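Below is one structure, written out as structure tokens; the observations come after it.
Since every read-out is calculated from the coordinates, none of them should be taken as a lab result. Given the structure is predicted, the values throughout are model-derived calculations rather than measurements. Cβ placement follows ideal geometry from the backbone for every residue including glycine, while neighbour counts extend to all protein chains displayed.
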Amino acid sequence: MFFVGIDASLTATGLIILDDTGKIFNSTIISSKKKGMDRLVDLEKQVKKILSTYQPAKMIKVYVEGYSFGSRIGQAFSIGEWGGVLKKCLYELGYQVTLIPPTVLKKFVTGKGNAKKELMMLEVFKKWKESFNNNNLADAYGLARLAWAGVNQSKDKCLKYEWEVLNKVYELERFSNNAE
């Protein structure tokens, strides 16, 4: 089983794939120098190229970071467009996607739902000994780790806040599965 974390950004989408042992199988920044619709098409092609080689549905768990409501308004529309294209792309590939709110991801990684980007990178290193020079990759790693933990962690192996997050994610997955 593979576990995918995606932090969708127009300038540098982080994509991490973990294998069933929790080791990094693929770590990629997806970016494009194109603008407008051409950029969306280019980003989608890159995601498809990476993920189309994997068996979908039951073989992969995909977590995508949800939208940040603190984004500037003009930028929020562009990010929303990329988020919609990405979700459509994953759907067409046969993957079931769970959107993880940024506060939930931050709490899983740091214990606090309002952590800054720099703290996220530091905590990913401290917690899992993985170092990233890009906050989008660190967030994608946290998402993939969260997906992995949902299948592989037991309550006695989790910190209290991690278990709280896993229960929240279980509810998000149930909602996602029943929303169709």
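What the table shows:
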| item | result |
| --- | --- |
| Candidate values (i) 16.3; (ii) 16.9; (iii) 19.3, label of the one derived for Kirkwood radius over Cα pairs in Å | (i) |
| Mean residue ellipticity (222 nm) of the chain, computed from DSSP H runs ≥ 4 via -39,500 (n - 2.57), nearest 500 | -17000 deg cm²/dmol |
| Partner lysines for Lys35 [C-alpha distance under 25 Å; skip if fewer than 8 residues away on the same chain] | Lys45, Lys48, Lys49, Lys87, Lys88 |
| Kirkwood Rh, angstrom, segment 76-163 [1 / mean 1/r, Cα pairs] | 14.2 Å |
| Potential lengthening between Lys117 and Met37 on full extension [0.36 nm per residue; Cα-Cα distance subtracted] | 26.0 nm |
| The chain: relative contact order in percent, alpha carbon pairs under 8 Å with at least 6 residues between | 28 percent |
| Charge dipole magnitude, Cβ of K and R +1, D and E -1 - segment 79-129, Cα centre, debye nearest 20 | 340 debye |
| Chain lengthening between Tyr161 and Trp128 when straightened (0.36 nm per residue, less Cα-Cα) | 10.3 nm |
